[in-house]
Amino acid sequence: MPDEPKTLDPAARPATTTAPAATTTPHGAAVTGDSPVPGRAQRWTLGLVTLGLVLAALNLRPAITSLGALLEEVSADLHMSGTVAGVLTSVPPLCFAVFGITAPRLARRFGPAAVVCAGMAAIFAGLVLRPFAGGTVGFLAASALALMGIAVSNVLMPVIVKRYFPDRIGSMTGLYSMALALGTSVAAAATVPMTAALGGDWRIGLGVWAAVAALAVLPWIPLVRDRDRGAATAGTAAKPGTAARSGAAAGTAAATEAPALRITRSRTAWALGCYFGLQATGAYITMGWMPQIFRDAGVPASTAGVLLAVTMVMGVPLAFVIPRLATRMKNQGPIVVALCLCGLSGYTGLFLAPAAGAWFWAVLLGVSNCSFPLALTMIGMRSRTGAGVVRLSAFAQSVGYLISIPGPLLVGVLYQHSGGWGLPIALMGGLMVPQMIIGILAGRDRTVEDEC
């Protein structure tokens, strides 16, 4: 085991000892000899990981939402056609799906912390290079570099939580989900006024976010040497609330379960992937089209932007509450139903009276969008081991983002050909029904290891 002194003679142990003695982490959790954060680890280690999680989460969306705010200026300056600009809005989920699937192999080779550090560096490099791109190809390439870093970090966030905080999955998932929602809303709301304050050049407005990405690299640098290549996490609890495995048992499980796990055979993994995809579809449709729905209903443009900000900000407090609540429940189906009913009610309101109840519909849709932190929490709960979490996270997010790609494009096509928002909104609301059904299946109290 990595944490045992090499000079320790197993024969010198008492005959009655069958596993390494449990120690206590700085936050009070009992762990065994192979835990990634054993009892002798200093408190600053967990503090550093916590800081790294928050800063990483803050940088997982500004590359997307800052561009959306200035897409008109970027398209005009780089002479992008409407088709190319439309493709650009579909690049993020495509990159998340394509690059996210590589995260498990990279984590096994270099360790999850090192991969997240590299991901933050890729985001920084992409955001630095993007404003200076001389044409569309260079701009897309720099954007893809940043999105590649986002993709692998997206997948490994639940893994980092499971690895360093096995007894606090809900609270830590809530913390970085809250930071992610905050980064999303701040970038969307602040990019345009900040660009105007800095002289009106979109290149400066987009480039400013590279400074935030640079800060996110720093906390991960001391953790790069932590290269537990076996399963990305060891010594985790079998299920939330149960005792941790012994060091010997966990080590054996990590060695034997990782090669045998066939994630595609798990119904729960497929349910999580489809649930993730449907909630991502709703989120991208909301971010891309909700302001236009309100504007076409007679709401002023400035107010429509604020309504979108309200929807995004709802994720800040709820992203912290929902994961904590989810980990206290064996079955997360009731939460799935509640969130989907909020979404269905919001879309019904948009269909019947978009302007009259605009603020209420924005709040309801913001609550519904909190299916994202719930999905991340369920990923951490649906596997007993870190090897399972990293594979499940990569599978569910890659499948999910592939599912989400056509959603915003389909809404645009329906809007263009139907001449109004009735049919697109009906589609949005209709997607809540399969999302609810599949989410109930994904929320059942079982693990992927039981099905593979």
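Over segment 85-204, average the accessible area per residue using a 1.4 Å probe and give it in Å², no decimals.
Details: 3980 Å² over 120 residues.
Dividing the accessible area of segment 85-204 by its residue count gives 33 Å².
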Given the alpha-carbon gyration tensor of segment 261-338, what are the semi-axes of its equivalent ellipsoid in whole angstrom, ordered largest first, with each equal to the square root of 5 times an eigenvalue? 32, 17, 9
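Based on the inverse mean of 1/r over its pairs of different Cα atoms, what is the Kirkwood hydrodynamic radius of segment 348-405, in Å? Numbers along the way, then the final one.
Numbers: mean 1/r = 0.0735 Å⁻¹.
Every distinct Cα pair counted, the radius reaches 13.6 Å.
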Ratio of segment 300-452's C-alpha Rg to 2.2 N^0.38 Å, to two decimals? 1.14
Here the equivalent ellipsoid of segment 81-174, derived from its Cα gyration tensor, has semi-axes (largest first, whole Å) of 29, 14, 11
Arrange the peptides 368-379, 143-154 so that the one whose residues have, on average, the most other Cβ atoms within 10 Å appears first. 368-379, 143-154
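How much of the pair distance distribution for segment 133-206 lies past 20 Å, counting alpha-carbon pairs only, in percent?
Tail fraction, whole percent: 53.
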Counting other Cβ atoms within 10 Å, which trypsin sites (Lys or Arg not before Pro) in segment 180-227 have at most 11 and lie in a DSSP loop? 225
Compute the orientation-averaged projected area for segment 320-387 from the convex hull of its Cα atoms and round it to one decimal in nm². 5.1 nm²
Can you give me the C-alpha center-to-center distance between segment 93-116 and segment 126-200, rounded to a whole angstrom? 15 Å
Taking R0 as 22 Å, what's the FRET efficiency between residue 84 and residue 353 from their Cβ-Cβ distance, rounded to 0.05? 0.05
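The values are calculated or read from the model by the stated rules, or taken from the named source; none is laboratory data. What you see is a predicted model, and the numbers here were worked out from it, not measured in a lab. A quick note on method: Cβ atoms are made from the backbone with ideal geometry, for glycine too, and the neighbour counts reach across all protein chains shown. Side chains included, ligands, DNA and RNA excluded: accessible areas come from the protein's heavy atoms. Shrake-Rupley method; radii C 1.70, N 1.55, O 1.52, S 1.80 Å.
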